[in-house]
Amino acid sequence: MQRFKLIVLGALLAASAGTGAATQTQGCFCSTIYYDDAGNTVGVRQPEACGDPGYGPTTKKYKVVAGCVM
C-alpha cells in the first residue's frame, strides 16, 4: 500500500510539473529518477538537502518521487 501511495504521489507530481521536473524551489522536496528507453535507471537528481545531488544523464523519461532516493 505504501508503495502504491508513492507511485500515485509521483504521478501527480510529474503531472503538475508540466514540461520540467518538480524541484524544491517549486515547493516540493522531490527527487527525479531518469530512465532509458528500456526502463533502466540512468540518472537521479535530488535536492541539496539530501547530501548528494545525484548522478547520470537526464532523459525525457522520468519519474518524480517524494524525498531522497539515495
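What follows is calculated from the coordinates using simple rules that are stated; it is not laboratory data. Every value quoted in this text rests on a predicted model; they were computed, and no experiment measured them. For neighbour counting, all protein chains shown are included, and Cβ atoms are generated from backbone atoms with ideal geometry for every residue, glycine included.
Could you give each residue of segment 57-70 its phi-based ³J(HN,Hα) in whole Hz, using Karplus coefficients 6.51, -1.76, 1.60 with θ = phi - 60°, and x for Gly or Pro?
Rounded to whole hertz, the list is x, 9, 10, 6, 9, 8, 9, 9, 10, 6, x, 8, 10, 10.
Short version: ³J(HN,Hα) in whole Hz for each residue of segment 42-55, in order, from phi by Karplus 6.51 cos²θ - 1.76 cosθ + 1.60 (θ = phi - 60°), x for Gly and Pro, what are they?
Coupling constants for segment 42-55: 10, x, 9, 10, 8, x, 4, 5, 6, x, 9, x, x, 7 Hz.
Please list 62-68, 46-52 highest first by mean number of surrounding beta-carbon atoms within 10 Å per residue.
So the peptides 62-68, 46-52, ranked by packing, come out 62-68, 46-52.
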